[in-house]
Amino acid sequence: MAGSVSVSEEVRAALREPAVERLVRDAAGEFVCVSCSLPGSTEHGDDVALIMFRHPDDKIMIKIAHELCLSSRIIDVDSPMRAEEMASRPVDVTTLPVVLAKAGGGLYAALIVERTAGMSIVSDSGDTVDPWIAALLADGWALSAALGQQPQRLKGWKLTLDRTTGTGTILQPGGHAFLDALTSIETEWAKLAVRQQEVSVFACSDVGLATVYAERSSGDIANTLAGTAAAGNLVAARMQVVSHRSTPRAPVRGDQQMRHDLAGAIKTGLQERARPGQPATGGLNAAPEFVALPVRPKLMQTLVGGYPVLVVDLAGPEAQEDDASAVLGALSRVGFRDVRSFTEGPLALPPEGWGYILWRSQIAIFDSGSEGHEVKKFLFEPLSPAVGWYDAVKESPAGSLGFLVGDLGVPTDADPSQFTTRLNHQMAAGRVIGAALTGMCAS
């Protein structure tokens, strides 16, 4: 059952009825909550609310929130709307590398970028304007009328391709990253882009390309984009392609010293198994603890925009709030940082020497002793199977794994939405700490 879109009476009164109707239609589908910063979908049953931000310069911005996070309301903002708010880059995007046919014959490499907006601006005429598309037009992008016609070349913009890792980054003039989420680029597409030394990038918002692509229908993709172009909501630019091959990185940070420490710590090699609550027999099981955990933690595996994250819940029936605070304090003192949301930017790197070893059924997280002391384990625990999570860790750039620790108190049988809501609330309260660990995956 699809979720509902709530509009309060004060919001409805402040906007013209045609604008309200259009905003309600635009709110259907996928979104990113302005309150918790996590994705959702009305098609999957999430109820949402329209939030109106009113600035003193008479600018209005409409954003979407989970109704459980924030009810529909008007929020008066003290300062005028800043340019960076108008040009806010996407926080949740779908990228599709495709090969398109030119109107006069031949093929060319193209990249389609779809942003899940979650916000719009209402103009004086009552029309809604996507601030991201408006910002791209201001930066020199042009409205696209047809996919068969390549857009004009945009000076200073370029796509860098790493043909070793199959990843890419779009850079703006000055070297600032516009989009660094290009992964799993197919070899043939990369070859075409490199041979032509250019790529055409088409940008749009909220047209459901992820769903269309999942059904593997190129005709539906073309039809969807044609309709978007006809509505004046597709912008495009052609830019230079620069390719290189990187040197593969070692899967574990710390190089020779870390490998030496690990060799001493895991005496039984990668066949060692976690034995929580049983006598230590050597290896990581017998390694000293970084800090005493108040209870046996609950480990929850999740994917955030395809990025693998391990959440360590310190709460339990016998745990006190001070116990979790002691663990969070110990992590903070060695350099771990608070994680307030998933949209403030990438997770910070951990203190030097911290890493993980991941098996399909267990994980070890440890400080490898980079400061001269012996290896200390933070945890060495079994893992419940999670579809796709282990493979996502193996395939993530440099073996990166999101590592979050907090006192969530999420019931074992909680559904994903309960878990997401609780995690978000604890992050906002400063009760979650973490980093992006690198490590190794064992079979």
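The values are calculated or read from the model by the stated rules, or taken from the named source; none is laboratory data. Bear in mind that the values here come from a model prediction, so they are computed numbers and not experimental data. So basically every Cβ, Gly included, is an ideal-geometry build from the backbone, and we count neighbours across all protein chains shown.
General remarks:
- For the stretch 398-424, filtering for residues that are closer than 13 Å to D313 by Cβ and in a helix (DSSP H, G or I) leaves 4.
- Here V387 clears all of (1) in a loop (DSSP other than H, G, I, E, B); (2) closer than 22 Å to G329 by Cα except the condition numbered (2).
- L234 among the aliphatic types (A, V, I, L, M), modelled with pLDDT of 80 or more, out of contact with any Leu (no Cβ under 9 Å at 6 or more places or on another chain) and closer than 30 Å to G29 by Cβ: no
- When the stretch 1-43 is filtered for residues that are of a type outside the set (A, V, I, L, M, F, W, C) and over 21 Å from T94 (Cβ atoms), the ones remaining, listed by number, are S4, S6, S8, E9, E10, R12, R16, E17, P18, E21, R22, S35.
- Odd one out for V339, checked against (1) within 23 Å of P385 (Cα to Cα); (2) at pLDDT below 90; (3) under 14 Å from the mean Cα position of the chain (by Cα): (1)
Conditions (1) surrounded by 16 or more Cβ atoms within 10 Å (Cβ to Cβ); (2) over 30 Å from G166 (Cβ atoms), marked per residue:
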position	(1), (2)
L347	yes, no
D391	no, no
G406	yes, yes
G409	yes, yes
Q418	no, yes
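- Tally, over the stretch 72-97, of residues that are within 25 Å of the chain's Cα centre (by Cα) and either over 30 Å from A177 (Cβ atoms) or at pLDDT below 80 (or both): 13
- Residues of the stretch 5-56 that are among the small types (G, A, S) and under 25 Å from the mean Cα position of the chain (by Cα): A27, A28, G29, S35, S37, G40, S41, G45, A49.
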